[in-house]
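Working notes, structure below.
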Amino acid sequence: MKKAYELSILCDAEIALVVFSSSGKLYNFATHDMHRTISKYRSQLGLPHSNIYTFRTMETWKSELDELRRSIGNLEDTVKHLGGEDLSALGMKELKQLERQLKTGLQRIHSKKVHICIQIQYIYILMGHHWTSRIPLTDRPAITHPVTQYHHAT
């Protein structure tokens, strides 16, 4: 194994070494991926690619595909729950957690909306215009001194 490693360094070569001892024990060494090197070797000789390697690759892809399908299903369920649908499968603990998530989301949305209104109001004041908006008075943030408040916020 050591000599194979040294040879790969000295010759800047890709090496795959497979050794079976007299007792039948397998030893192997590869400077790169063993399967890739063997596949390259088979291609150079014009041999068909190994079905075992293809099977392993297909099993890996199948496993990853199954995991992605599960993830998509979980995400679809979460979206339904956030929209208030299909709640019968949830227990009290899950419902409370969902309620907390929704409250947090609403608070973030409201905060962002207020921030945007403050920015718009500040821009209007800088341009010398009066603050008028199509936002109903009940939705407007109550701000008496937007310029002062804006400067303190930064």
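The values are calculated or read from the model by the stated rules, or taken from the named source; none is laboratory data. Please read all numbers here as calculations on a predicted model, not as lab measurements. Using ideal geometry, Cβ is built from the backbone for each residue, glycine included, and neighbour counts are taken over all protein chains shown.
Is there a residue being of a type in the set (D, E), modelled with pLDDT of 90 or more and surrounded by fewer than 12 Cβ atoms within 10 Å (Cβ to Cβ) anywhere in segment 98-105? Checked against the condition, which is being of a type in the set (D, E), modelled with pLDDT of 90 or more and surrounded by fewer than 12 Cβ atoms within 10 Å (Cβ to Cβ), segment 98-105 yields at least one hit. Restricting attention to segment 22-33, the residues that are within 19 Å of Y5 (Cβ to Cβ), of a type outside the set (V, I, T) and part of a loop (DSSP other than H, G, I, E, B) total 2. Taken together, R108, R36 contain a single residue that is closer than 23 Å to M1 by Cβ, assigned to a helix (DSSP H, G or I) and not hydroxyl-bearing (S, T, Y), which is R36.
For segment 81-95, the criterion of being without any contact (Cβ under 8 Å) to a residue 60 or more places away in the chain and surrounded by 13 or more Cβ atoms within 10 Å (Cβ to Cβ) is met by at least one residue. Return yes when R56 is at pLDDT 90 or above, assigned to a helix (DSSP H, G or I) and either of a type outside the set (A, V, I, L, M, F, W, C) or more than 30 Å from K2 (Cβ to Cβ) (or both) and no when it is not. No.
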